[in-house]
Amino acid sequence: MSRCLTERSVDHVVIERGEVANSWRTERWDSLRLLTPNWQSRLPGFGYEGDDPDGYRNMPEVIAFLTRYAQVISAPVETNTSVMSLAPADGGFVVTTDKGVWRCRTAVIATGACNVARVPAVAAAVPPGIATVTSMDYRNPRQLDEGGVLVVGASATGTQLADEIHRSGRPVTLSVGEHVRAPRVYRGKDIQWWMDATGLHDERYDEVDDIDRVRRLPSLQLAGSPERRTLDLNALSAIGVRLVGRIAGIAEGKAQFSGSLHNNCAMADLKMNRLLGTIDEWATQNGLDREVDAPHRLPPTEVESTPPLGLDLTNGKIRTILWASGYRPDYSWLEVPVLDRKGLIRHDGGITAHPGLYLMGMQFLRRRKSALIDGAGDDARDLSDHLLSYLRRASS
Ligand SMILES: Cc1cc2nc3c(=O)[nH]c(=O)nc-3n(C[C@H](O)[C@H](O)[C@H](O)COP(=O)(O)OP(=O)(O)OC[C@H]3O[C@@H](n4cnc5c(N)ncnc54)[C@H](O)[C@@H]3O)c2cc1C
C-alpha cells in the first residue's frame, strides 16, 4: 500500500509496532517455511530474482525479503510505534500512538488477520497438569515436555506442527475438523502454480456465491519443504500420528471428539478431486496435456473404522495440548464503529462503511489470494485508487 500511495503522490506514513516484518520475526515457529513458492511472493515492482524460484523461503529469508522491499521503495515506516487508538475526528482520524498523535484524512488498517490465536471455549476445562501452548507461542519441540501431545486443528499450521512434534519423539494425536486437502505437486507442477495459472487465485470476492463462508474456510493443508512433499493426513498417519475428530468438549478430565472424522475427510477428498478436475480441464483447454505429467489422484484419506471419541487427559499419556485452531485479528485499539458482532471489520472488498477507512490483508478481501503476500499488490492498487478519488472528492 505504501508503494501504491507513493506512486499516486499521496503523502503517508506507515506505523509499525515492531520492526519491518514484525509478524515473521516474532510470531512464527523456528522451522517454518512459506508454503508459497519463491516466485509467488510478488510485490508491486519487486519479485524474486534468485536461482531457486520453486523453493520456499525460511523465516530469515522472508524477513530479509520484506526488509529489502521497504528499503527499495523508501517506505516511510515509523518502527517501534504502537497504535493505541484510531478514532474519527474532524472528517478524518486521530491516531494515538505510544510515541505521539497523528492526524490523517484516511487510514488503511493493515494490522494483519492473525494477531491472536483462536482457542476454542473447551480450553477452559483442560485439567491441571496438562501444559497448553498456541501456535503463536510455539517455537520448536524442545519447548514441550516429553510425552504425548494433542494437536487441535489440521490445516496448514496443525499438520506442519503435528509432523514436527511427532518426529521429535513426542507421540501426537491430531484432532481434525473441516480441512482443505491438496497435493504439493500435481502433474509435475506446484499446486500454487496451477492455482495461479488457472486464475483461481484471482477469483474476485464479488464473483463467489457465499463470500462469508469462503472467507471462513481453513487454509490449504500445505507445507513448503525442500523435498516438496505432500503433508496430508495420510502422510501423518504413515509416521504414526493418530487421527481423531473435532474436539467437542472436555468433561471430567476426558477430551470428547465428534464423530465427524470420516465425513470431514471424505468431504476434503471430494473437494480436492474437484479442484484437480478443474485443473485437468484447464490444462486440456490450454493445450498443456503434452507438456505436463498425466492426471493422477491421491489415495483417499485413510481413517480407522471407529476412531476414538474420547481421550483420557489424566493418565499422563498426554502432556501438552497445542491449539492450532486458527487465528483472529485484534481490533481492541479501533474506535471507529465498523465491527460486526463477531468483532470483525465490516467491509466491501476492503472499503469500510466509514468514509476514508480501508482494510487490507484479510482472507478473500478482494480476491482469493488476498491473504497471501502475493495478493497484497493487486488489492493495494485497487484500494489506493479508491482512496485517492475519495481524497480528491473530499477536497473539491
Ligand atoms: C503461520 C502463518 C503462515 C503463513 N504462511 C504464508 C505463506 O506461506 N505465504 C504467504 O503468502 N502468506 C502466508 N501467511 C499469511 C501472511 O502472514 C500474510 O500474507 C501477510 O502476513 C499479510 O501481511 P500483513 O502485512 O497484512 O499482516 P501482518 O504480516 O500480520 O503484519 C501486520 C503488522 O501490523 C503490525 N501491527 C499490528 N497491530 C499494530 C498496532 N496496534 N500498532 C502498530 N503496528 C501494529 C504488526 O506488528 C505487523 O507487523 C502466513 C500466515 C501465518 C499466520
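Where a number appears in this text, it was derived from the coordinates with a stated rule and is not lab data. Computed from a prediction, not measured in an experiment: that's the story for all the values here. Heads up, the Cβs are rebuilt from the backbone with ideal geometry, glycines too, and the neighbour counts pull from every protein chain shown.
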Which whole-number percent gives the relative contact order of the chain, counting Cα pairs below 8 Å spaced six or more residues apart? 24
For the stretch 177-194, in residue order, the Karplus 3J(HN,Hα) values (coefficients 6.51, -1.76, 1.60; θ = phi - 60°; whole Hz; Gly and Pro = x) are x, 5, 8, 10, 9, 7, x, 5, 10, 10, 6, x, 10, 4, 4, 5, 4, 5
Karplus ³J(HN,Hα) for the stretch 66-74 (6.51 cos²θ - 1.76 cosθ + 1.60, θ = phi - 60°; Hz, whole; x = Gly/Pro) runs 6, 5, 5, 4, 4, 5, 4, 8, 6
Phi to ³J(HN,Hα) by Karplus 6.51 cos²θ - 1.76 cosθ + 1.60 over the stretch 15-29, Hz, x for Gly, Pro: 9, 9, 6, x, 9, 4, 6, 4, 5, 6, 6, 10, 10, 10, 7
How many times 2.2 N^0.38 Å is the alpha carbon radius of gyration of the stretch 217-276? 1.37
Which value in deg cm²/dmol, rounded to the nearest 500, describes the helix-derived mean residue ellipticity at 222 nm for the chain, given -39,500 (n - 2.57) per DSSP H run of n ≥ 4 and division by the residue count? -8000 deg cm²/dmol
Between Ala238, Ala75, Ala21, where does the largest GNM mean-square fluctuation fall for the chain, given springs only between Cα atoms within less than 10 Å? Ala238
Cβ-based exposure ranking for Leu275, Leu243, Leu43, in which fewest neighbours within 10 Å come first: Leu43, Leu275, Leu243
Nearest 10 degrees, 0 to 90: what angle lies between the long axis of helix 156-167 and the longest principal axis of the chain (Cα atoms)? 40
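Taking 0.36 nm per residue of separation and subtracting the Cα-Cα distance, what length does fully extending Lys271 through Asp385 add?
37.4 nm
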With everything on Cα atoms, drop me the angle between helix 373-395 and the longest principal axis of the chain, reported from 0 to 90° to the nearest 10. 30
In the neighbourhood of Asp30 defined by beta carbon distances under 15 Å, the net charge of the other residues (Lys, Arg +1; Asp, Glu -1) is +2
Go through Lys254/Lys342; Lys271/Lys369; Lys189/Lys369 and tell me which ones have a Cα-Cα distance over 23 Å in this structure. Lys254/Lys342
Quick one: of the DSSP bridges fully inside the chain, what percent are antiparallel, nearest 5? 55
Footprinting exposure proxy for Cys114, Cys4 (fewest neighbouring C-beta atoms within 10 Å first): Cys114, Cys4
Mind listing the long-range amide H neighbours of Gly326? Cut-off is under 5 Å, sequence gap 5 or more, other chains count too, H placed in the peptide plane at 1.01 Å from N. Arg118
More than 41 Å apart - percent of Cα-Cα pairs taken over the chain: 18
Going through the stretch 316-365, which chymotrypsin sites (Phe, Trp or Tyr not before Pro) have at most 16 other Cβ atoms within 10 Å and a DSSP loop state? Trp333
Counting alpha carbon pairs within less than 8 Å and at least 6 residues apart, what relative contact order, in whole percent, applies to the stretch 15-139? 29
Answer check: the stretch 11-129, Cα atoms, Kirkwood Rh, Rg/Rh ratio of 1.06
Distance in nm between label sites at Glu146 and Thr67, each 7 Å beyond Cα in the beta-carbon direction? 3.8
What is the Cα radius of gyration of the stretch 258-349 over 2.2 N^0.38 Å, N being its residue count? 1.79
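Test of understanding: ordering Arg216, Arg392 by Cβ neighbours within 10 Å, fewest first, what list do you get? Before the final figure, lay out the partial values.
Details: Arg216 13, Arg392 9.
Going from sparsest to densest Cβ surroundings: Arg392, Arg216.
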Within the under-9-Å Cβ sphere about Leu233, not counting Leu233, Lys/Arg +1 and Asp/Glu -1 give a net charge of -1
